[in-house]
Amino acid sequence: MSEKEKMLHGKPYKASGEELVSERQYAKEMIFDYNMLHPNEDCKKNEIIKGLFHNIGKNFYIEPPFRCDYGYNISVGENFYTNYNCTILDCAKVTIGNNVMIAPNVSIFTAGHPIHPELRNQSIEYAFPINIGNDVWIGGGVIVNPGITIGDNVVIGSGSVVTKDIVSNSIAVGNPCRVIREITNDDKQYYFKKLKIK
């Protein structure tokens, strides 16, 4: 089994495998071009992302700078927006649904390293998929860890560190991130705290 195959199957692997190094280099070059384009060159930016990601739906916008490891493990639904400084370590699949909004400085990490230093010093890594549902808003500075599923209609509060799955229709905040309440129809009345939509 190659290092890439190990990576994609959730096995311990070494990122120094020749194929993986080459694929990361390709992604770096594509992302460099993306991040350096003039702000009015949206068509060129979109073509780079379409060529890099496994799949991306209609109506997407990724504010530069953006970073990812490979790109080919990222699938995104329709009406996707991510603000500045999004980092996706896509050593495993990252699947993002429709109508997802991501605030600045969000990090989505499928990759990790063993706890014991002897294993880390052997350059062993692992990667587990991340799934983000439909109609999700992820606040600024959030970190999503390997193997996490975030359900539909979820709001993740700014600065949260997501270490466990988050159920649908909920607001979750904190480090570690935890559900604080369900989202209900009453929330349609307000746009911020207790300020009402008129």
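The values are calculated or read from the model by the stated rules, or taken from the named source; none is laboratory data. Just so it is clear, the model here is predicted, and its values are computed rather than measured. Cβ coordinates were reconstructed from backbone atoms using ideal geometry, including for glycine residues, and neighbour counts include every protein chain displayed.
Worth pointing out:
- Residue list for segment 131-180, filter: of a type in the set (Ser, Thr, Tyr), buried (at least 16 other Cβ atoms within 10 Å of the Cβ) and farther than 23 Å from residue 56 by Cα: 160, 170
- Leading residue by the ranking (farthest from residue 99 (Cα to Cα)) among those in segment 146-182 that are hydrophobic (A, V, I, L, M, F, W, C) and outside any strand (DSSP E or B): 177
- Cβ-Cβ distances below 8 Å connect the following pairs, each with a first residue in segment 103-116 that is under 10 Å from residue 138 (Cα atoms), a second residue that is hydroxyl-bearing (Ser, Thr, Tyr) and assigned to a loop (DSSP other than H, G, I, E, B), and a separation of six or more residues or different chains: 103/158; 104/84.
- Boolean, residue 121 is closer than 28 Å to residue 10 by Cα, without any contact (Cβ under 8 Å) to a residue 24 or more places away in the chain and surrounded by fewer than 18 Cβ atoms within 10 Å (Cβ to Cβ): yes
- The set of residues in segment 9-27 that are out of contact with any Lys or Arg (no Cβ under 9 Å at 6 or more places or on another chain) and over 16 Å from residue 50 (Cβ atoms) comprises 9, 10, 11, 16, 18, 21, 22, 24, 25.
- Residue identified as surrounded by fewer than 17 Cβ atoms within 10 Å (Cβ to Cβ), in contact with a Ser or Thr (Cβ under 9 Å, 6 or more places away or on another chain) and at pLDDT 95 or above among 116, 54, 38, 9: 54
- Qualifying residue in segment 71-91 (condition: of a type in the set (D, E, K, R) and in contact with a Lys or Arg (Cβ under 9 Å, 6 or more places away or on another chain)): yes
- A count restricted to segment 151-180 and to residues that are in contact with a strand residue (DSSP E or B) (Cβ under 7 Å, 6 or more places away or on another chain) and at positive phi stands at 1.
- Residue, farthest from residue 90 (Cα to Cα), within segment 41-51, restricted to residues that are among the hydrophobic types (A, V, I, L, M, F, W, C) and surrounded by 11 or more Cβ atoms within 10 Å (Cβ to Cβ): 48
- Condition met for residue 115 (in contact with a Phe, Trp or Tyr (Cβ under 9 Å, 6 or more places away or on another chain) and under 30 Å from residue 21 (Cβ atoms)): no
- Of all the numbered requirements in (1) touching a Cys at 6+ places or on another chain (Cβ under 8 Å); (2) in contact (Cβ under 8 Å) with a residue 60 or more places away in the chain, residue 162 misses one, and that requirement is (2).
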